[in-house]
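Enquirer: Below: one structure in structure tokens.
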Amino acid sequence: MKEEIFGYLSSGMGVLTLNEIILNFIVAVILSCVIYIAYKITHSGALYSSRFNVSISMLTLITTLVMEVIGNNIALSLGMVGALSIVRFRTAIKDSRDTAFIFWGIAVGICCGVSEYVIACVGTVVIFVFLMVFGNVKNNDRYLLVIVGKSECREKVDNLIEEEFKNKARLCVRNTSRDSVEIIYELTKKMIDKYNTGNNDIVSNLYKIDDVEQVNIIAQSEDVSR
């Protein structure tokens, strides 16, 4: 009985031929190129990484290789899971979409490794079309409006910001001393663009207030943090 169980666990129920292995890798290469193109087209960040894009394509091929090695061998699959569990990946994923591309590459590799070409192709086409439609959606970038001046200008600045932005500007920081004050508001790009129309400019209007010494606008977009 023990010998039969051991033989079942250690033997593969489906052995791939050389032609099947080559076909699996050919399909995996084609679909990994589709993933590469999709990432390059829809990437909206300023710091596009070609190496990371190539790594996603390599991940598809590596997953295909692993699935072909495992096959239907239960013992080998358990051993592979144990081996991969001790590997620690230190690469920081700063964009949530990068994680989705990684899972996409792994899913395609799994499908190609078990010769499920239809699922891999249909899934890739659906995801690719979805990215072409929604892939260029960007976050509403946030801006910090930093105002520095003498303490006497604090009330006038608050009144101007509340009046012009209709209480939509969020007060983040108010640093005060005996003679000076620093006020930081959080705005959106839409709010600034809507305000800065024609000759109207938030920076110029703030400088019209007496005792305002510095006005800075700092972008808080994801591209800067990458």
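The values are calculated or read from the model by the stated rules, or taken from the named source; none is laboratory data. Quick caveat: nothing in here was measured; it's all calculated off a predicted structure. Please note: Cβ atoms are built from the backbone with ideal geometry, for glycine as well, and neighbour counts cover all protein chains shown.
Okay, residues lined up against (1) closer than 30 Å to residue 204 by Cα; (2) surrounded by fewer than 16 Cβ atoms within 10 Å (Cβ to Cβ); (3) outside the structural domain of residue 215 (by TED's automatic domain parsing):
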{"site": "101", "(1), (2), (3)": "no, no, yes"}
{"site": "108", "(1), (2), (3)": "no, no, yes"}
{"site": "115", "(1), (2), (3)": "no, no, yes"}
{"site": "118", "(1), (2), (3)": "no, yes, yes"}
{"site": "122", "(1), (2), (3)": "no, yes, yes"}
{"site": "125", "(1), (2), (3)": "no, yes, yes"}
{"site": "149", "(1), (2), (3)": "yes, no, no"}
{"site": "153", "(1), (2), (3)": "yes, no, no"}
{"site": "160", "(1), (2), (3)": "yes, no, no"}
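Enquirer: Oh, and also: Exactly one condition in (1) at pLDDT 85 or above; (2) out of contact with any helix residue (DSSP H, G or I) (no Cβ under 6 Å at 6 or more places or on another chain) is not met by residue 17; state its number.
Expert: Answer for residue 17: the failing condition is (1).
Enquirer: Could you list, in sequence order, all residues of the range 93-110 that are within 10 Å of the chain's Cα centre (by Cα) and either part of a helix (DSSP H, G or I) or among the hydrophobic types (A, V, I, L, M, F, W, C) (or both)?
Expert: Answer for the range 93-110, where residues must be within 10 Å of the chain's Cα centre (by Cα) and either part of a helix (DSSP H, G or I) or among the hydrophobic types (A, V, I, L, M, F, W, C) (or both): 93, 96, 97, 98, 99, 100, 101.
Enquirer: When you go through 51, 88, 97 one by one, which is the residue that is exposed (fewer than 13 other Cβ atoms within 10 Å of the Cβ), modelled with pLDDT under 85 and farther than 20 Å from residue 120 by Cβ?
Expert: 88
Enquirer: Can you name the number of the only condition in (1) among the β-branched types (Val, Ile, Thr); (2) modelled with pLDDT of 85 or more; (3) within 25 Å of residue 99 (Cβ to Cβ) that residue 81 fails?
Expert: Looking at each condition in turn, residue 81 falls short on (2).
Enquirer: I want to confirm something. Restricting to the range 168-222 and keeping residues that are basic (Lys, Arg) and more than 14 Å from residue 154 (Cβ to Cβ), which single residue is farthest from the chain's Cα centre (by Cα)?
Expert: This residue is 208.
Enquirer: Another one. What's the number of the condition residue 130 fails, among (1) of a type in the set (Phe, Trp, Tyr); (2) in the same structural domain as residue 36 (by TED's automatic domain parsing); (3) at pLDDT below 90?
Expert: In the conditions (1) of a type in the set (Phe, Trp, Tyr); (2) in the same structural domain as residue 36 (by TED's automatic domain parsing); (3) at pLDDT below 90, residue 130 misses (3) alone.
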